[in-house]
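Engineer: Below you'll find the structure I mean.
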Amino acid sequence: MALLAAVALALAACGGGGDDDARPEPGPRPVETAHKLPKLKRGWDPRVNRRAGIAIGEPPGWTTRNRGTTTILRSPDKLIAVTVTPDRTDDAHDIPLEQFAARTFVALSGFEGELRPSEPRPFKSRYPAVQVQGRGTAADTGVRQRLRVVVMRRDALVTVVAVIAEDARRADKVFSRNAVDAVRTIRTRPVGSVPAG
């Protein structure tokens, strides 16, 4: 699944594209501090991507790897992937969450035909967040995927995009819940910061 490339493309599609001359000069940004992960469920492990400035809880049996500023979690059966990418650019902060989520969904690559997102809905998380959902067929495998894009924003500091892709026919329901619960644990921290303790 080319989910990592898809998210990168989607973020590029969301950012920029405005008239820089018409935009007022941004004020000073607030200082970003580290938000601790919530108390994780038994068997869950904390995972930190220092280059991305994010932390997330990893469900039991899942695997997590960091590729630059993107973090990818995979379920034990490899049928679900969660891709998390932060964006600290001014362009990202200028886009309303609902619009950001819908644009990201439509811009996901590696799927056959046009992707149609649901109406944006609130997503319960530490930060203000919205989600859109839908389905798509992976172009390389023909596997029907359930897709969920969650966009959350911490003040004027960072916008985080999480994409959950799962096999629509075979994904385990417990693992599906784990994926959503993992996204709810996302916390941000200054880029390069070392976890406390």
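Engineer: If you take the residues of the stretch 130-148 that are of a type in the set (A, V, I, L, M) and touching a Pro at 6+ places or on another chain (Cβ under 7 Å), which of them is nearest to R184 (Cα to Cα)?
Structural biologist: V130
Engineer: Here's a follow-up. Quick check on the stretch 151-191: of everything there that is farther than 27 Å from T33 by Cα and among the small types (G, A, S), which residue is nearest to the chain's Cα centre (by Cα)?
Structural biologist: Residue satisfying both the conditions and the ranking: A165.
Engineer: For residues that are within 14 Å of T69 (Cβ to Cβ) and either modelled with pLDDT under 55 or surrounded by 15 or more Cβ atoms within 10 Å (Cβ to Cβ) (or both), tally how many sit in the stretch 11-46.
Structural biologist: Residues that pass the stated criteria total 2.
Engineer: Moving on. If V143 satisfies all but one of (1) buried (at least 18 other Cβ atoms within 10 Å of the Cβ); (2) within 18 Å of S176 (Cα to Cα); (3) modelled with pLDDT under 95, what's the number of the condition it fails?
Structural biologist: Going through (1) buried (at least 18 other Cβ atoms within 10 Å of the Cβ); (2) within 18 Å of S176 (Cα to Cα); (3) modelled with pLDDT under 95 one by one, V143 breaks only (1).
Engineer: If you don't mind, there's one more thing I want to ask. What is the residue count in the stretch 120-140 for residues that are in contact with an Asp or Glu (Cβ under 8 Å, 6 or more places away or on another chain) and either closer than 11 Å to A101 by Cα or not in a strand (DSSP E or B) (or both)?
Structural biologist: Of the residues in the stretch 120-140, 4 are in contact with an Asp or Glu (Cβ under 8 Å, 6 or more places away or on another chain) and either closer than 11 Å to A101 by Cα or not in a strand (DSSP E or B) (or both).
Engineer: Looking at R169, is it surrounded by fewer than 20 Cβ atoms within 10 Å (Cβ to Cβ), free of Cβ contacts under 8 Å to residues at least 40 places away in the same chain and not in a loop (DSSP other than H, G, I, E, B)?
Structural biologist: no
Engineer: May I ask you to list the residues in the stretch 59-113 that are among the aliphatic types (A, V, I, L, M), part of a strand (DSSP E or B) and closer than 26 Å to G192 by Cα?
Structural biologist: Within the stretch 59-113, I72, L73, A81, V82, V84 qualify.
Engineer: Restricting attention to the stretch 26-55, which residues are of a type in the set (A, V, I, L, M, F, W, C) and farther than 21 Å from T89 by Cβ?
Structural biologist: L37, L40, W44, V48
Engineer: Scan (1) in a loop (DSSP other than H, G, I, E, B); (2) at pLDDT 95 or above for the single condition D181 breaks and write down its number.
Structural biologist: (1)
Engineer: Of the residues that make up the stretch 70-80, is at least one without any contact (Cβ under 8 Å) to a residue 60 or more places away in the chain, hydrophobic (A, V, I, L, M, F, W, C) and buried (at least 19 other Cβ atoms within 10 Å of the Cβ)?
Structural biologist: No, there is no match, as no residue in the stretch 70-80 is without any contact (Cβ under 8 Å) to a residue 60 or more places away in the chain, hydrophobic (A, V, I, L, M, F, W, C) and buried (at least 19 other Cβ atoms within 10 Å of the Cβ).
The values are calculated or read from the model by the stated rules, or taken from the named source; none is laboratory data. Please read all numbers here as calculations on a predicted model, not as lab measurements. Neighbour counts run over all protein chains shown; Cβ positions are idealised from the backbone, glycine included.
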